[in-house]
Amino acid sequence: MTTLRWGVIGASDIAAARMIPAMRRLGHEVTAVWSSDPGRAAGYAGQHQIPFATSYLGELLARDDVDAVYISTVNHLHYPQTLAAAAAGKHVLCEKPAAMNLPDAWSMLRACEDAGVVLGVNHHLPCAATHREIARLVAAGAVGRPLAARVFHAVQLPERLATWRLKDPSAGAGVVLDITVHDAAVLNNILGRPLDATASGVRQGPWDAAVDDAVMTVLRYEGEVLAQTHDAFTIGYADTGLEIHGTEGSLLARDVMTQDPVGTVYLRDADGEREIPIPSRPDLYEVSLNAFARAVTEGTEPAVTGAEGVRALAVALAVQESASSGRREPIITEPEREV
Ligand code: NDP
């Protein structure tokens with residue numbers, strides 16, 4: 001098995017809850033951690049048995065025992081920290097959203113390419129066995145020509161995460177950059193090129209949010225395909241789900257917009273409805289890490305490439321723009337060519 005030595009950039013919840021345990025289950029090493037606060041760096045290192053802690057990023061990036069960095073800081077730091085890591089020759093697995101705007105995101109792609117390091121974006125959903133099977137079935141024509149998708153991704157934000165996500169727009173707060181961007185990673189993978197977004201967002205939670213905490217969106221994909229999404233921090237009792245409807249059938253998946261390897265997938269067509277077997281359900285974050293390690297050592301692609309992460313961001317930014325302008329907004333997936 002291919003393993004890496006990781007520098008963890010960000011004393012975050014997701015690193016502690018999902019990524020560090022997944023790294024260790026796979027036999028990877030976590031050799032260093034960075035936090036902006038020296039006390040938090042030391043405390044986090046102690047709590048998670050990480051041998052080296054620093055609040056100087058350059059110190060972590062200069063270490064020979066760091067092959068790759070996992071960046072899970074607040075969203076506005078993903079861009080400068082990716083650039084710094086690439087300049088130091090470290091491979092980068094960056095949390096979503098890749099960046100806060102498209103010029104920064106495209107710079108990240110260029111910087112990693114120029115430095116010859118791998119850039120992956122840690123969207124977990126395309127790593128789920130359910131999602132991979134849905135994508136495979138759609139590509140194999142199981143529903144005929146796709147016409148529409150529906151995503152149900154309205155959940156209750158856990159209290160421990162109700163901090164910068166709700167309060168700090170400059171750090172990348174809001175449900176769109178948190179959840180819609182995940183929907184986009186899933187839908188782009190299945191439906192292809194996103195064209196435009198029409199969205200309506202509100203603040204409906206029992207908190208003093210500075211940003212939208214619930215949004216409904218219609219996305220238009222190439223080929224006259226429509227997708228609707230409902231993303232929220234405020235819904236405690238709904239199922240999550242993903243549906244793909246085509247000319248010859250429908251795929252109906254429940255409880256699949258989640259971090260755990262659970263959920264069901266049904267195919268309904270002229271022959272009736274049957275459950276699609278999902279025989280193996282590896283941990284989503286292990287799938288991401290395995291693919292990333294192979295990308296580093298064998299030159300294959302990460303589970304979600306930097307470019308795919310940036311296309312998901314492009315969708316989310318158009319959704320944000322539409323929710324604020326009240327108009328249908330184009331999804332810009334390529335930088336304008338320089339003349
Ligand atoms: P956290 O709020 O747990 O951590 C983000 C940053 O907040 C940390 O890097 C840390 O800064 C700071 N921080 C954490 N705890 C404290 C504290 N007690 N006091 C002061 N500052 C603190 O965020 P998440 O783990 O929820 O999210 C981090 C990133 O990961 C985001 O980009 C998010 O979008 C992404 N994410 C991805 C998920 C996925 O499934 N792919 C799921 C959840 C999040 P410092 O490092 O400087 O100490």
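The values are calculated or read from the model by the stated rules, or taken from the named source; none is laboratory data. Keep in mind it's a predicted model, so treat the numbers as computed, not measured. So basically every Cβ, Gly included, is an ideal-geometry build from the backbone, and we count neighbours across all protein chains shown. The accessibility values were calculated without ligands, DNA or RNA, using every heavy atom of the protein model including side chains. Shrake-Rupley method; radii C 1.70, N 1.55, O 1.52, S 1.80 Å.
Starting from the Cα gyration tensor of the stretch 176-264, take the square roots of the eigenvalues, sort them a ≥ b ≥ c, and report rounded, prolate or oblate (rounded when a/c is under 1.5, otherwise prolate if a/b is larger than b/c, else oblate). Show your work: numbers first, answer last.
Values: a/c = 2.26, a/b = 1.35, b/c = 1.67.
In terms of gyration-tensor shape, oblate.
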Rounded if a/c is under 1.5, else prolate if a/b is larger than b/c, else oblate: which is the stretch 237-339, with a ≥ b ≥ c the root eigenvalues of its Cα gyration tensor?
-> oblate
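Please give the FRET efficiency for Thr2 paired with Glu113, using the beta carbon to beta carbon distance and R0 = 30 Å, rounded to the nearest 0.05.
On the way: r = 22 Å, r/R0 = 0.72.
Step by step, r from the Cβ atoms, then E = 0.85.
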Taking Cα atoms only, helix 306-325 is inclined relative to the longest principal axis of the chain by an angle, in degrees rounded to 10, of 60 degrees
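Would you mind getting the accessible area per residue of the chain, heavy atoms of the protein chains only, 1.4 Å probe, in Å²?
Details: 14620 Å² over 339 residues.
With all protein chains present, the chain gives 43 Å² per residue.
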Is the stretch 96-204 best put as rounded, prolate or oblate by its Cα gyration tensor, with a ≥ b ≥ c the root eigenvalues, rounded for a/c under 1.5, and otherwise prolate when a/b is larger than b/c, oblate when not?
-> oblate
Can you tell me the 0 to 90 degree angle between the C-alpha axis of helix 181-191 and the longest principal axis of the chain, rounded to 10?
-> 50 degrees
